[in-house]
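Peer 1: This is the structure, below, for whatever I ask next.
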Amino acid sequence: MRVRFAPSPTGYLHLGSARAALFNWLAARHMGGSFLLRIEDTDLDRSKPELIEVIYQGLTWLGLDWDEEPVLQSSRNAEHQIAVDALLESGAAYWSSPIAEGDRAQFANKAYDPADRDRQLGPGEGRAVRFRVPENGTTSWNDLIRGEISVEHANIEDFVIRRANGSPTFFLANASDDAFMGITHVIRGEDLINVTPKYLLLREAMQIPGALPQFAHMPLIVNEQRKKLSKRRDDVSLMDYKDRGFLPEAMVNYLSTLGWGPTDGQEVRLDPLSLTDGFPTMFDIAQVSSSPAFFDTKKLLFVNGEHLRALTLEEFADRSAPFIAAAPWFDRFESDPENAQRLLQILPEVQTRVETLSEVPGYVDFLFLDDPEIDEAAWNKAMGPDAAVWLSACIDGIAEWEWSSPQLHESFMALAEQMGANRRKFQAPVRVAITGRSVGPPLFESMQILGRVEVLRRLQATLDRVQLTA
RNA sequence: GCCCCCAUCGUCCAGCGGCCUAGGACGCCUGCCUUUCACGCAGGUAACACGGGUUCGAAUCCCGUUGGGGGUACCA
């Protein structure tokens, strides 16, 4: 088995493309075949290396390794021209003049004049080469995912294989390059179903020895409106998910379950080997679903959270590092060498609370800011009528208590009881005073890490403000 | 319009003629745990689009209807 992923360098790697790459990779690894890359850069006048690099980066991030040197479609231009000439020579293709948009009504709304087929035109201004689709008959194939698909030739227009500017079109380059690369299975999106008859017709006319590839058209990934993911409305760039704090293993894991399900029913795979070896072992392209799948960010979030929690503390810290480095308070964070240790202490508490790495800074910022950022809604809710009394009792206590989170916990609860306060309500003003928010990591661990002096300072500042506004 | 594809809980996947009073996961809801929020644990909610066949028997096969999607470029 030789499969290929054939993206065009557009500047970003589309989520749908990433999924296509993944399924090709899974199929190849399952069969012990080769997963190849071809960069379809024919349409771009200038080949930008950095745009191609983006594709490599995306695949590398996901851990999809490819075999053999990638083929640049632009490097095969000479072969494409030879193929076009041969088709012209054999009469399978012909030169054709364009029909202006306004005049198409006279030609059954076609962009070309079918009569050009017999005009024996040569090259000329604006003329393209079109493929002569047989008038009768049907082209069909047995799709690995969908079964028999057939299209009558009468429904296929004479498509362009060489543009007026001399460049080969997708149809020709795609068919020619697959033959050149020895591709045995074409696994691609459902949106390409209707070009398959053209591909087949072309391959037949080109008379390339060897078997035609088998086709498998995967279902599309759709948005909430059940439409193909679009650049305008949807988050389609794979690497944006990286920036938003998603783990590549979570992306691979989730994407694998869109249109396919592991045979043992276990969707979430936290063991890395289970993902890189287990999934390929179970994968079968023929088992892929034929109906579109909704890209459910909520489920992705869940899967990401699971993978995040499965990380060791060291790994979690490593993966969080870029997000910490991007925080506005990073300069301050770096200025105190002890902060790295403080971060490491709070991180285990953060790990069970976040679904993406980008949420990490928001959980720890209070440790590294001069003053916590106060959430006014949380403040208003927490600072009830008893807040001042409670805060001042806490200040008295905290000045004395043994400085360890279990001890703080115990002393704090004893104090709450002593004051006849509800435990939940009693901790609220203190939490807001220290972290600025009503939700966050456990209070006593946070206090312990922050230190007695700073905790007292924040409590006093809060008490002052409460009394001032009272 | 024409061509092609698709149709099981809100969502993803399982089901490949009897094991289906349809299973798992996400979501949502309830409870437990609990200093908040989470995590974890225990429950609950919810689907075979419709109509005809075929068959002793259909979510599973066939036909039609309806609905959705993709394509219809000298984009890929």
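Any read-out appearing in this document is the output of simple, stated calculations on the displayed coordinates, not a laboratory observation. From a predicted model like this one, the values you see are computed outputs, not experimental measurements. Cβ: placed from backbone, ideal geometry, glycine included. Neighbour counts: every protein chain shown.
Peer 1: Apply the Karplus curve 6.51 cos²θ - 1.76 cosθ + 1.60, θ = phi - 60°, to the phi angles in the stretch A:353-367 and return the couplings in whole Hz, x for Gly and Pro.
Peer 2: 9, 9, 10, 9, 5, 5, 7, 4, x, x, 8, 10, 4, 4, 6
Peer 1: Can you run the Rg to Rh ratio on chain A? Use alpha carbon positions and the Kirkwood inverse-distance Rh.
Peer 2: So for chain A, dividing Rg by the Kirkwood Rh gives 1.17.
Peer 1: Search the structure for amide H atoms under 5 Å from the amide H of A:F246, placed 1.01 Å from N in the peptide plane, and list their residues when 5 or more places away or on another chain.
Peer 2: Correct list: A:L357.
Peer 1: Also, I was wondering about something else. Using a 10 Å cut-off around each Cβ, can you sort A:T435, A:T281 from fewest to most neighbouring Cβ atoms?
Peer 2: A:T281, A:T435
Peer 1: Search the structure for amide H atoms under 5 Å from the amide H of A:V186, placed 1.01 Å from N in the peptide plane, and list their residues when 5 or more places away or on another chain.
Peer 2: For A:V186, the qualifying residues are A:Q214, A:F215, A:A216.
Peer 1: Calculate how steeply helix A:297-310 sits against the longest principal axis of the alpha-carbon atoms of chain A, using the helix alpha-carbon long axis, and give the answer as 0 to 90 degrees to the nearest 10.
Peer 2: On a 0 to 90 degree scale, this one is about 60.
Peer 1: Using Cα pairs closer than 8 Å and at least 6 residues apart in sequence, work out the relative contact order for chain A, in percent.
Peer 2: Result for chain A is 13 percent.
Peer 1: With r as the distance between the Cβ atoms of A:T60 and A:V439 and R0 = 30 Å, compute the FRET efficiency 1/(1 + (r/R0)^6) and round to 0.05.
Peer 2: Once the sixth-power term is evaluated, E becomes 0.25.
Peer 1: Same structure again: For chain A: lysine pairs with Cα atoms under 19 Å, gap of 8 or more or different chains, count?
Peer 2: Counting lysine pairs in chain A gives 9.
Peer 1: Under a crude label model (7 Å from the Cα following the beta-carbon direction), how far is A:R232 from A:E69 in nanometres?
Peer 2: For the pair A:R232/A:E69, the computed spacing is 4.2 nm.
Peer 1: Can I ask one more? Under the rule of -39500 (n - 2.57) per DSSP H run of 4 or more residues, summed and divided by the residues of chain A, what mean residue ellipticity at 222 nm is obtained, to the nearest 500 deg cm²/dmol?
Peer 2: That calculation yields -14000 deg cm²/dmol at 222 nm.
Peer 1: Please grab the % of Cα pairs in the stretch A:1-136 that end up more than 23 Å from each other.
Peer 2: 53 percent
Peer 1: Something else now. Note the full-extension length gain between A:E148 and A:Q207 as 0.36 nm times their separation in residues minus their Cα-Cα distance, in nm to one decimal.
Peer 2: 18.9 nm
Peer 1: Also, quick follow-up: Given a Förster distance of 22 Å, report the FRET efficiency between A:F330 and A:M239 from their Cβ-Cβ distance, rounded to the nearest 0.05. Display every interim value, and only then the final one.
Peer 2: On the way: r = 22 Å, r/R0 = 0.99.
Once the sixth-power term is evaluated, E becomes 0.50.
Peer 1: Here's another thing I want to ask about it. How much FRET efficiency would the formula 1/(1 + (r/R0)^6) give for A:E224 and A:Q407, where r is the Cβ-Cβ distance and R0 is 45 Å, rounded to 0.05? Walk me through the numbers before you get to the answer.
Peer 2: On the way: r = 50 Å, r/R0 = 1.12.
E(calc), rounded to 0.05, equals 0.35.
Peer 1: Per residue of the stretch A:181-197, in order, report the coupling 6.51 cos²θ - 1.76 cosθ + 1.60 (Karplus, θ = phi - 60°) as ³J(HN,Hα) in whole Hz, putting x for Gly and Pro.
Peer 2: After applying 6.51 cos²θ - 1.76 cosθ + 1.60, I find 7, x, 5, 9, 9, 9, 10, 8, x, 4, 5, 9, 3, 6, 8, 5, x Hz.
Peer 1: Please give the net charge around A:D234, taking every other residue with its beta carbon less than 11 angstrom from that of A:D234, where Lys and Arg add +1 and Asp and Glu add -1.
Peer 2: Here the charged neighbours net out to +2.
Peer 1: A follow-up question, please. Testing the spin-label approximation: label points 7 Å from Cα along Cα→Cβ at A:L456 and A:S290. State their distance in nm.
Peer 2: Distance between label points: 7.5 nm.
Peer 1: So if each residue of separation counts as 0.36 nm, and I subtract the Cα-Cα distance between A:E50 and A:Q341, what length gain in nm does that give?
Peer 2: So the chain would gain 100.9 nm between A:E50 and A:Q341.
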